[in-house]
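Read-outs: derived from the displayed coordinates by stated rules, not from any lab. All of these numbers come straight from a predicted model, not from anything done at the bench. Virtual Cβ from ideal backbone geometry, glycine too; neighbours counted across all protein chains shown.
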């Protein structure tokens with residue numbers, strides 16, 4: 001059961017994590033209440049790409065020794081709910097904002113979630129980020145990587161849109 005929920009965790013811990021996600025989602029909705037109809041196909045496409053690929057990548061990065069193990073339910077919540085739905089919603093409302101703003105949004109939201117999951121589930125406990133010591137450094141480092149998601153999205157959507165009709169190709173400025 002430890003591999004599924006994590007040592008000492010119960011459903012209550014995961015409900016608290018969902019409260020954190022929901023609270024941050026409400027903050028995101030302040031800037032834009034819904035996903036624009038033109039962006040919905042792009043939203044769905046990004047949901048499946050990120051939820052599935054990051055779920056697998058988190059495990060492979062753990063096996064490679066650069067990430068701590070995320071219990072399976074935590075990994076599922078983190079990738080399918082937090083990244084797939086919440087961060088993707090953030091992107092749907094910010095994709096044409098300047099890249100520096102998108103980076104800040106993604107970094108801050110990701111860091112808050114990692115801190116919350118660490119406090120509530122005991123996860124994200126790796127002692128370094130690619131050799132830079134410190135657990136907070138580890139969480140901050142992966143949050144900085146998450147901050148680059150809008151850049152990856154812009155590039156990825158630009159490529160895939162040549163093959164998939166109806167995707168909205170972002171055109172953000174740097175500044």
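Before we move on, is residue 113 surrounded by fewer than 18 Cβ atoms within 10 Å (Cβ to Cβ) and either part of a helix (DSSP H, G or I) or at positive phi (or both)?
It is false that residue 113 is surrounded by fewer than 18 Cβ atoms within 10 Å (Cβ to Cβ) and either part of a helix (DSSP H, G or I) or at positive phi (or both).
Being under 22 Å from residue 31 (Cα atoms) and touching a helix residue (DSSP H, G or I) at 6+ places or on another chain (Cβ under 9 Å) narrows it down to one of 69, 106, so name that one.
Of the residues listed, the single one that is under 22 Å from residue 31 (Cα atoms) and touching a helix residue (DSSP H, G or I) at 6+ places or on another chain (Cβ under 9 Å) is 106.
Among the candidates 51, 38, which residue alone is farther than 23 Å from residue 173 by Cα and part of a helix (DSSP H, G or I)?
51
If residue 123 satisfies every condition in (1) under 25 Å from residue 16 (Cβ atoms); (2) not in a loop (DSSP other than H, G, I, E, B) but one, which is the exception?
(2)
Take the conditions touching a strand residue (DSSP E or B) at 6+ places or on another chain (Cβ under 6 Å) and surrounded by 14 or more Cβ atoms within 10 Å (Cβ to Cβ) and apply them to residue 137. Does it pass?
Taking the combined requirement at face value, the residue satisfies it.
State all residues of the range 1-35 that are more than 22 Å from residue 105 (Cβ to Cβ) and not in a loop (DSSP other than H, G, I, E, B); if no residue qualifies, say none.
2, 3, 4, 5, 11, 12, 13, 14, 15, 16
What tally of residues in the range 18-58 results from selecting those that are touching a residue at least 12 places away in the same chain (Cβ under 8 Å), under 17 Å from residue 123 (Cβ atoms) and out of contact with any helix residue (DSSP H, G or I) (no Cβ under 7 Å at 6 or more places or on another chain)?
Looking only at that region, the number is 1.
Output the number of residues of the range 154-175 satisfying the condition of being assigned to a loop (DSSP other than H, G, I, E, B) and in contact (Cβ under 8 Å) with a residue 12 or more places away in the chain.
11
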